[in-house]
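The values are calculated or read from the model by the stated rules, or taken from the named source; none is laboratory data. Treat the numbers as computed from the prediction; the structure is a model and nothing was measured. Here the Cβ is made from the backbone with ideal geometry for all residues, glycine too, and neighbour counts use every protein chain on show.
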Amino acid sequence: MTLPAIIFGFILSTLYGVVFHLFLGGGFGRLVLFIILAWIGFWIGQLFGNITGISLIDIGPLHLGMGTISCWLFLGIGNWLSQIDIDRNHGKA
């Protein structure tokens, strides 16, 4: 993996996180959450593409298709999990 590919991957995944935040809204904390989820999801997709050899859209050594799919999957699941309301007073009188 070359340094330009790594930088491009981080820029693209950061952009995915920011776009996701623009559509769903929220504060600064949710923006940071979405960017971190996008980074993790993108690089897990990249790793999965490397291991399996699946080639959707490749740009040099970067498995852009697998990274993008995994990134959006992580963002969707992370958003869903972040909206779960925990009842902290359950069972207390």
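The one condition from (1) closer than 18 Å to Ala5 by Cα; (2) surrounded by fewer than 16 Cβ atoms within 10 Å (Cβ to Cβ); (3) modelled with pLDDT under 90 that Leu47 does not meet is (3).
Within this structure, Phe8 fails the test of being assigned to a helix (DSSP H, G or I), hydrophobic (A, V, I, L, M, F, W, C), free of Cβ contacts under 8 Å to residues at least 24 places away in the same chain and in contact with a strand residue (DSSP E or B) (Cβ under 9 Å, 6 or more places away or on another chain). If the condition is being β-branched (Val, Ile, Thr), touching a residue at least 40 places away in the same chain (Cβ under 8 Å) and farther than 20 Å from His21 by Cα, then the range 32-89 contributes only Ile59.
Scanning the range 65-93 for residues that are modelled with pLDDT of 90 or more and over 19 Å from Phe34 (Cβ atoms) yields Gly65, Met66.
Each residue in the range 50-66 was checked for being part of a helix (DSSP H, G or I) and either in contact with a His (Cβ under 6 Å, 6 or more places away or on another chain) or within 15 Å of Pro4 (Cβ to Cβ) (or both), and 1 of them qualify.
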